[in-house]
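*Asks:* Next up is a structure, given as C-alpha cells.
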Amino acid sequence: MACYVQKFGGSSVGNIERIQHVAQLIDKTYREGHQLVVVLSAMSGETDRLMKMARELSTDPDDRELDVLLSSGERVTIALMAMILKNLGVNARSFTGRQVGIVTDGAHTKARVSRVDTKRVLLALKDKVVPIVAGFQGINEASDVTTLGRGGSDLTAVVLAAALKADTCFIYTDVDGVYTADPNMVPSARRLDKISYEEMLEMASLGAKVLQTRSVELAAKHQVPVEVRSSFQDGPGTRVVKEDVDMEQVLVSGVTGDRNQAKVTVVGVPDQPGIAAKIFVAIAEAAINVDMIIQNVSQDSLTDISFTVPRSDLKAAISLVQDLAKEVGARTFEVNEAIAKVSLVGVGMRSHSGVAARMFATLSRDGINIMMISTSEIKISCVVEEKYMELAVRGLHQEFELEKPPAA
Ligand code: ADP
Ligand code: ASP
Ligand code: MG
C-alpha cells in the first residue's frame, strides 16, 4: 500500500462535470487500496473573481480580510467533492487549512508555512477516510486565516506530502506534464519525462506557472517525489526528481517567458560611492524583491541605475523611488511596465559555454533588442520589450531544437 497526495488545480475542478470526473479518478486510487490525501484548488477563475470584487471596493484592500475572502473558493470545491465521493461510496471528508493543521507566519496573502500538525489527517487515514483538503490556506499563530500566494495549492500538496512522507505527490492540471516551453505559447513544445528540482525551480521562478515556485523549493528540500499529470487524459506525466547524469548532457531543458516584470530607472545619479547602497537598502527594507540591476557608465559624473521588480511591487517601488531620487540628487526617474523576461534553463549549461552568445544572436536575428541580461550557473535571462516575448520564446525554442528529444 502506497501513500499518495493528489492535487487537482482550478481547471480540473472548474465545473460540476469536471469535479465529477476528478471524483472518478480519486475513487479509482481509493479502490486500489492506497492511502490517499486529496488537495483541491478553487474552481478556475474563482480566486480572480473574488480578488476583482475586493479591488472594486478599494484600491488597497485589507490583507487580513482579503485572505478570509480568497480562502472561500477552496471551501466550495472541497465540500462539493466530499459530497460526490460519499455518493460514490468513498469515505471522504473535507478539511480546511485550519483543520488540517497548516500553521503559517503572519504575512497575509503570501504566508509561509511554519509547521504542520498532521494529527487529524493521520487519524482520518487510520479510519480509512480520504481527507479532501482545501489548498492555498492556513492559519497564523493568532488563528487568523492566511493564504499562501497565487498557485499556493501546489504548496499545500507538497507540505502534506513531506509531512506524511508520501510516496508521490501528484499535481494534476490541464497539461500532461512540464514542457520545454509553455505548450499554450509554443505548439511544438515537448513534454519532459523528468526534470531536476533545480531546473524546475528556475523554470517556475522564471514564469512557468505549472508549479508554484515555493512548492518546488520545498519539494527539493525534503526530496518529495513530484509528478505533474493531466486530469483530462490518462498517461504518464513529468517526474520532478534529483539531478542525474543524463540531465547534464542536455544543454538547455526549457525556455520561459515572464510578463510579471517592470523596470525602474533612476536617471542622472551622481557617480559617487554609497548611492546604489542608499537606493537598494531602502528597497530591500520595504521587502521589494529586486531582480536585475544595471548601472550605465557615465561620462559627466552622472550615471543611470535601472532595476526590475515584480509588477505587483511596482506601486510600492515608485513611491519609494520618488523620495529616494530627490534624496540622492537624481535628475529624474522613469518606469517601464511593457517589458518581459525570457530565459533559458538547463543544468547542462554548467559544463557548456556559448549558450549566452547563441541566445543573443537569436534575439538579434529576430530584431529583438536586449535591455538587460542576468546569468546564473544554470540559466540566462534577457529583458526584452513585452510585445516581443512570445516571438523570443519561440525563436529560442527553435534555435536550441527543444522540440527534438535529446540523443540517447
Ligand atoms: P492549475 O489550475 O492546475 O494549478 P496552472 O494554470 O497553475 O494550473 O498551470 C498550468 C498551466 O501552466 C498550463 O496550462 C500552461 O499554460 C502553463 N505552463 C507554463 N509553462 C509551462 C511549461 N513549461 N510546461 C507546462 N505548462 C506550462
Ligand atoms: N486558488 C488559488 C489561486 O488561484 C490557489 C491555487 O489555485 O493553487 O491562486
Ligand atoms: Mg497552479
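*Asks:* Output the number of the condition that residue 284 fails; it satisfies all remaining conditions of (1) in a strand (DSSP E or B); (2) surrounded by fewer than 18 Cβ atoms within 10 Å (Cβ to Cβ).
*Replies:* (1)
*Asks:* Quick check on my filter: what residues within the range 132-148 are among the small types (Gly, Ala, Ser), open to solvent by less than 10 Å² (accessible area, probe 1.4 Å) and either out of contact with any helix residue (DSSP H, G or I) (no Cβ under 6 Å at 6 or more places or on another chain) or part of a loop (DSSP other than H, G, I, E, B) (or both)?
*Replies:* Just the residues of the range 132-148 that are among the small types (Gly, Ala, Ser), to begin with: 134-135, 138, 142-143.
The next check asks that each one be open to solvent by less than 10 Å² (accessible area, probe 1.4 Å); those that pass are 134-135, 138.
Answer for the range 132-148, where residues must be among the small types (Gly, Ala, Ser), open to solvent by less than 10 Å² (accessible area, probe 1.4 Å) and either out of contact with any helix residue (DSSP H, G or I) (no Cβ under 6 Å at 6 or more places or on another chain) or part of a loop (DSSP other than H, G, I, E, B) (or both): 135, 138.
*Asks:* Would you confirm whether any residue within the range 111-131 is within 13 Å of ligand 1 (Cβ to nearest atom), open to solvent by less than 40 Å² (accessible area, probe 1.4 Å) and not hydrophobic (A, V, I, L, M, F, W, C)?
*Replies:* no
*Asks:* Return the only residue of 124, 163, 181 being within 30 Å of residue 206 (Cβ to Cβ), part of a helix (DSSP H, G or I) and modelled with pLDDT of 95 or more.
*Replies:* Matching residue, one of 124, 163, 181: 163.
*Asks:* With the requirement that a residue be among the hydrophobic types (A, V, I, L, M, F, W, C), part of a loop (DSSP other than H, G, I, E, B) and open to solvent by 50 Å² or more (accessible area, probe 1.4 Å), what does the range 206-257 give you? Full working, then the answer.
*Replies:* Filtering the range 206-257 for residues among the hydrophobic types (A, V, I, L, M, F, W, C) gives 206, 208, 210-211, 216, 218-220, 224, 226, 228, 232, 240-241, 245, 247, 250-252, 255.
The next check asks that each one be part of a loop (DSSP other than H, G, I, E, B); those that pass are 206, 208, 210-211, 224, 232, 250-252.
Residue satisfying the conditions is 232 alone.
*Asks:* Name the single residue, out of those in the range 192-213 being more than 8 Å from ligand 1 (Cβ to nearest atom) and charged (D, E, K, R), that is farthest from residue 155 (Cα to Cα).
*Replies:* Result: 193.
*Asks:* Could you tell me which residue of the range 115-155 is farthest from the chain's Cα centre (by Cα), considering only residues that are within 18 Å of residue 26 (Cα to Cα) and within 13 Å of ligand 2 (Cβ to nearest atom)?
*Replies:* 133
*Asks:* Name the residue, out of 298, 353, that is closer than 23 Å to residue 394 by Cα and modelled with pLDDT under 90.
*Replies:* Only one candidate passes the filter, namely 353.
*Asks:* Need at least 1 residues that are touching a Phe, Trp or Tyr at 6+ places or on another chain (Cβ under 6 Å) and not β-branched (Val, Ile, Thr) per element, so show me which helices (runs of 4 or more DSSP H) inside the range 313-408 make the cut, counting only ones lying wholly within it.
*Replies:* 314-327
*Asks:* Would you mind finding the one in 262, 276 that is open to solvent by less than 20 Å² (accessible area, probe 1.4 Å) and more than 19 Å from residue 396 (Cα to Cα)?
*Replies:* Within the list 262, 276, the selection yields 262.
*Asks:* Can you go through 333, 400 and tell me which one is surrounded by 15 or more Cβ atoms within 10 Å (Cβ to Cβ), more than 26 Å from the chain's Cα centre (by Cα) and not acidic (Asp, Glu)?
*Replies:* Just one listed residue meets the conditions, 333.
*Asks:* State which residue pairs qualify: first residue under 15 Å from residue 6 (Cβ atoms) and inside the range 134-163, second residue acidic (Asp, Glu) and more than 11 Å from ligand 1 (Cβ to nearest atom) in any location, beta carbons under 6 Å apart, and separation of 6 or more residues or different chains.
*Replies:* 134/74; 135/74
The values are calculated or read from the model by the stated rules, or taken from the named source; none is laboratory data. No experiment lies behind these values; they were computed from the predicted model shown. Ideal geometry is used to build each Cβ from the backbone, glycine not excepted, and the neighbour counts take in all protein chains shown. Remember, those area values only see protein heavy atoms, side chains included, never the ligands or the DNA or RNA. Shrake-Rupley method; radii C 1.70, N 1.55, O 1.52, S 1.80 Å.
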